[in-house]
Amino acid sequence: MSSRARKLLAPARLTKWAVSGPPFVFLLLFFVLPGVIMVIASFRYPGEFGGLAPLAAADPNTLHGFTLETYRFFFSDLIYTEIFIKSFLVALATTLICLVMAYPLALLIARSPKKRRDLMVLLVILPFASSFLIRVYAWMILLGPQAALSQLANGLLGVLGIAPVHLLFSPFAVLIAMVYVHLPFMVLPLYTNLEKHDPNLLDAAQDCGANAWHRFWRVTFPLSLPGIFSGSTLVFIPVLGMFAIPDILGGTGDMLVGNLIKEQFLVTRDWPFGSTLSIMLTLAVLLFVWIAAKLGTTRGRYA
Amino acid sequence: MNHNLRALLLLLLLSGNALAEDVLHLYNWNNYISAETVARFEQQCACRVEQDYYSDNEEMLAKLAAGASGYDIIVPTGNAMESLIRQNALRPLDKSRLPRLKNINPAYLDTAFDPGNKYSVPYAYTLTLIGYNAEKMRELGLPTDTWAVIFEPKYLEKVKGRITVLDSQRELMAAALKYLGYSANDTIEAHWKQARDLIIRAKPYWAAFNASSYIKELTVGNIWLVHGYSNDIFQANLDAKKAGRKFTIAASVPKEGAVLSLDSMVLHKNGPQPGLALQFIDFMLDGKNSAELTNLIGSGNPNLDAMRYIKPEIAQDPAIFPDPQHRAHLEMLRDLDRNQRRILSRIWTEIKLR
Amino acid sequence: MRRGFWLWAASLGAYTFLYVPLFIVIIYSFNDSRLNAEWVGFTWHWYDVLLHDNDMLAAMGNSLFIALVSSLAATVLGTMAGIAMHRYKMKALTFMVLTPVAMPEILLGVSLLLFFIQVLNLTLGLVSIILAHITFSIGFVAVIVRARLAGIDESIFEAARDLGASPWETFRYVTFPLILPGVVAGGLMAFTLSIDDFVITFFTAGVGVATLPLRVYSMIKIAVTPEVNAVSTLLMLLTLTMIVLASKFSPDVLRGKT
């Protein structure tokens, strides 16, 4: 390399580090490092009163140092696998319901005149403008025993001779709030994808004699798979770690992984086990991302 | 103009004064002191009382373990206090500055948590018991003097979906253990599992695990039967009366026994105002001040001098001041060690999932 | 024709589903009853209660302060990250910026709690909340800024360089004015996210420093009165204004969340 080129390169490199350095260092410190600390914490003993037991102790009889104890505890009882499977199922159900509700809406927006689209998208986003807790709280009111919705449902059930149901504090309440909170996450990527479809394709299919259902199932749907996958990821992952919704709307059986993790830190004072559960949750998320990516590529090949 | 200027100056002076004031930091239960009492103390000491609240001992301990500091006074329940003492987190009391300590009923002194009351002064207590809609219970012919009504399907069938229990690992386990005839502090895993099975069998009949909104549900009439705290149930009854409901909310101590939570005032080691804190404790030991809390929220009162200021209908309520026979069956919860906590958490997960 | 009808019906259903709950919250904030059940009559009472609720007002003050500081810092760091991601395609940085946005919030909350206590020995409070909020906001700002940069013709930067502008001058007079709408939109977004955040704040807030969402949460858990509806309505108004402003500055915001 000539000395002239090096001179030119030096300020460029300086600029690069001046621009990327600060966010890099900040995230290294407050995102990567805490993650590493959590991994380390999962291999330690809980402190007698909370926190972590010391790494080194003068008295060899007190617990200290590293251990596989929390992982052994995790696998010693099926209950923890069970709660992960349950969380997976709730996340899956939420994702599917979101998909079914979001698809027609995204399709309609994508096929509307350009002028109207922005407004329709804005209308999907606006509920975001209210805070997450408020959206959950809204369902507390709607599903309450005196609310019109409950009265209506129980009135109908009464006609059919079925005993009245409690909608609030039930798995149903948890699911409906999960869908409600995450629905826009599904609509937006779907719309972004559907908007790009070439309408000529559908015309061509029609010319070949395909009916409306065939045109959808053979043309639109396969092309929208990338949108479906990115929307599903945006819904599935947050639901998997959710604790607030079961906490507020759940009944006697609604506990998900998120609730269990929260409990380890705020009730049981068992940080190592809480860390272990968090790491398992991270692995579950990675597993899901991997499956989604796999499905995405194989399906993409056929499409 | 001149008038306004003077007002402004006065305001400045006042706010300057406020800044120079001493501040007492109190970390207390939600709604566990009367506003008038605080105002009176502020006047007397020419200081300001700043309060933060918790709604659960575990929450308070977890927050302190997570580094919360700056509190002069905390009001933990026995087991949490024991844990704080063993952590060396408390400051011993200078009893020469607490002349009114003699007002406390000796039955509430010298507990296993703090022998000799080196660190703590009893503040108030609550019982964990059965609260119910009296009319509904009578109508359905259900007993109200036993935990069976919370745990036995033959009773539960009649109140399905109208019951809530506390969303607290320790309290619910204690009730189940008591019903099974064990101590509330039993830590034998086999007994815990028995209690777990009892709870899982009863769970389908319960509407929810609930921490505090059962007060409102009782008042409205949605819920007829609860496993809850005596002061909450007292509150529900007051609210129901105020709202002109046609029913009354009552409470009773089950014959199998129940949990008594004695909350005590302690000084946190890192509190910046220990002198002021002692002044506050002695102030609260005054019968009149202590009675104010009981009259407000229906808490139990360990202060003998307070009895003459307490409204008679509260003083005679056996669910607040139980008779000696019931008192003998009351137990205070002890703290669990880390392994027991982990096992209990697993049992709790099983209870929630099954 | 029939198909169009079904599409409309399903979409209308979805819109109804999205809006009815929020309208209920707003309507009941004016209801003259302690219970969120039947309609009794119109009142401003709950707004009056709210204005005299010192704890709530203090929480509001905390929330605004935290949102202001954290969104300013996140805007600066996020803009830098967005530029770096666009220009240098740094894999490690891109990963660090995007992962906090994508993973379950509880994980970030819990790991920061551990880190603050165990490593920094920090008393949880304003500082820890602000640091946590910056961490998750950077990603949102960076994505919006990067989207803005992607829409700019590269040759304009070359032209500036050819005219002898230093990197700083290029940034100051060419790049920055071009991405400014994205930066502002990103900042407003970060502000909104911070005001709204519950999960991460829940783990990183100590005792004594409550934010608005934390207050709302404990009110929902303990005793719900229409005061919650009143504060919700006001909060909705605030965040609504922010989002509309943000989308005015940069339409990318509409996709920034995806």
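The values are calculated or read from the model by the stated rules, or taken from the named source; none is laboratory data. If you're wondering where the values come from, they're calculated on a predicted model, not measured in any experiment. Note: ideal-geometry Cβ built from the backbone for every residue, glycine included; neighbour counts use all protein chains shown.
Here are some notes:
- Matching residues in the range A:79-104 - criterion: being over 21 Å from the mean Cα position of the chain (by Cα) and at pLDDT 90 or above: A:I79
- Taking the numbered list (1) under 20 Å from B:E331 (Cβ atoms); (2) under 24 Å from the mean Cα position of the chain (by Cα) in turn, B:W224 passes all entries but (1).
- The set of residues from the range C:207-246 being touching a Gly at 6+ places or on another chain (Cβ under 9 Å) and either within 11 Å of chain A (Cβ to nearest Cβ) or at pLDDT 70 or above (or both) comprises C:V209, C:A246.
- Of the residues in the range B:95-114, none is more than 22 Å from the chain's Cα centre (by Cα) and closer than 28 Å to B:E58 by Cβ.
Matching residues to (1) under 30 Å from A:L55 (Cβ atoms); (2) touching a residue at least 12 places away in the same chain (Cβ under 8 Å):
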{"position": "C:V76", "(1), (2)": "no, no"}
{"position": "C:V110", "(1), (2)": "yes, yes"}
{"position": "C:F116", "(1), (2)": "yes, yes"}
{"position": "C:V119", "(1), (2)": "yes, no"}
{"position": "C:L122", "(1), (2)": "yes, no"}
{"position": "C:I130", "(1), (2)": "yes, yes"}
{"position": "C:I138", "(1), (2)": "no, yes"}
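- Any helices (runs of 4 or more DSSP H) falling wholly within the range B:117-185 and containing at least 1 residues that are over 22 Å from the mean Cα position of the chain (by Cα): B:134-140, B:148-151, B:153-156
- The one condition from (1) buried (at least 21 other Cβ atoms within 10 Å of the Cβ); (2) touching a helix residue (DSSP H, G or I) at 6+ places or on another chain (Cβ under 7 Å); (3) away from chain A (no Cβ under 14 Å) that B:W29 does not meet is (2).
- Verdict on A:L183 being at pLDDT below 85, surrounded by 13 or more Cβ atoms within 10 Å (Cβ to Cβ) and outside any loop (DSSP other than H, G, I, E, B): no
- Residue pairs meeting the criteria (Cβ under 7 Å; at least 6 apart or on separate chains; first at the interface with another protein chain (Cβ under 7 Å from one of its Cβ atoms), in the range A:20-42; second not in a helix (DSSP H, G or I)): A:S20/C:M90; A:A41/A:L52
- Restricted to helices (runs of 4 or more DSSP H) entirely inside the range C:120-188, those with at least 3 residues that are β-branched (V, I, T) and surrounded by 13 or more Cβ atoms within 10 Å (Cβ to Cβ) are C:126-150.
- Top-ranked residue in the range A:46-69 [being within 9 Å of another protein chain (Cβ to nearest Cβ) and closer than 19 Å to C:L114 by Cα; ranked as surrounded by the most Cβ atoms within 10 Å (Cβ to Cβ)]: A:P46
- Restricting the range A:249-274 to residues that are at the interface with another protein chain (Cβ under 7 Å from one of its Cβ atoms) and of a type in the set (G, A, S), the residue that is nearest to A:I176 (Cα to Cα): A:G251
- Within the set B:V159, B:V165, the sole residue that is surrounded by fewer than 24 Cβ atoms within 10 Å (Cβ to Cβ), under 20 Å from B:A211 (Cα atoms) and not assigned by TED's automatic domain parsing to the domain that holds B:D305 turns out to be B:V159.
Condition check ((1) under 29 Å from A:A173 (Cα atoms); (2) crowded, with 17+ Cβ neighbours inside 10 Å; (3) at pLDDT below 85; (4) facing another protein chain (nearest Cβ under 8 Å)) across all residues:
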| position | (1), (2), (3), (4) |
| --- | --- |
| C:A14 | yes, yes, no, yes |
| C:F17 | yes, no, no, yes |
| C:W39 | yes, no, yes, no |
| C:Y47 | yes, yes, no, no |
| C:L50 | yes, yes, yes, no |
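- When C:I66, C:I83 are screened for being β-branched (V, I, T), at negative phi and within 11 Å of chain A (Cβ to nearest Cβ), only C:I83 passes.
- Qualifying residue in the range B:189-201 (condition: assigned to a loop (DSSP other than H, G, I, E, B) and either under 24 Å from B:K216 (Cβ atoms) or touching a residue at least 12 places away in the same chain (Cβ under 8 Å) (or both)): no
- Residue in the range B:100-122 that is among the charged types (D, E, K, R), surrounded by 20 or more Cβ atoms within 10 Å (Cβ to Cβ) and within 14 Å of chain A (Cβ to nearest Cβ) present: no
- Evaluation of A:F288 against (1) facing chain C (nearest Cβ under 9 Å); (2) of a type in the set (F, W, Y); (3) farther than 28 Å from B:R196 by Cβ (one fails), failing number: (1)
So that you can scan it fast, the table gives a plain yes or no per residue for (1) in a helix (DSSP H, G or I); (2) more than 23 Å from B:S55 (Cα to Cα):
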{"residue": "B:P254", "(1), (2)": "no, yes"}
{"residue": "B:M265", "(1), (2)": "no, no"}
{"residue": "B:N270", "(1), (2)": "no, no"}
{"residue": "B:E292", "(1), (2)": "yes, no"}
{"residue": "B:N295", "(1), (2)": "yes, no"}
{"residue": "B:R308", "(1), (2)": "yes, yes"}
{"residue": "B:P318", "(1), (2)": "no, yes"}
{"residue": "B:P322", "(1), (2)": "no, yes"}
{"residue": "B:L336", "(1), (2)": "no, no"}
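- Residue-level analysis places C:F23 outside the set of residues that are facing chain A (nearest Cβ under 10 Å), closer than 30 Å to C:E154 by Cβ, surrounded by fewer than 16 Cβ atoms within 10 Å (Cβ to Cβ) and not aliphatic (A, V, I, L, M).
- Breaking point among (1) surrounded by fewer than 24 Cβ atoms within 10 Å (Cβ to Cβ); (2) within 14 Å of chain B (Cβ to nearest Cβ), for C:F203: (1)
- Matching entry among A:L99, A:L107 (being at the interface with another protein chain (Cβ under 7 Å from one of its Cβ atoms) and within 14 Å of C:S11 (Cα to Cα)): A:L107
- Selection of the range B:70-119 for residues being hydroxyl-bearing (S, T, Y) and touching a residue at least 12 places away in the same chain (Cβ under 8 Å) yields B:Y71, B:T77, B:S83, B:Y108, B:T111, B:Y119.
- Within the range B:318-354, the set of residues being over 17 Å from B:Y182 (Cα atoms), facing chain A (nearest Cβ under 8 Å) and of a type in the set (A, V, I, L, M) comprises just one member, B:L353.
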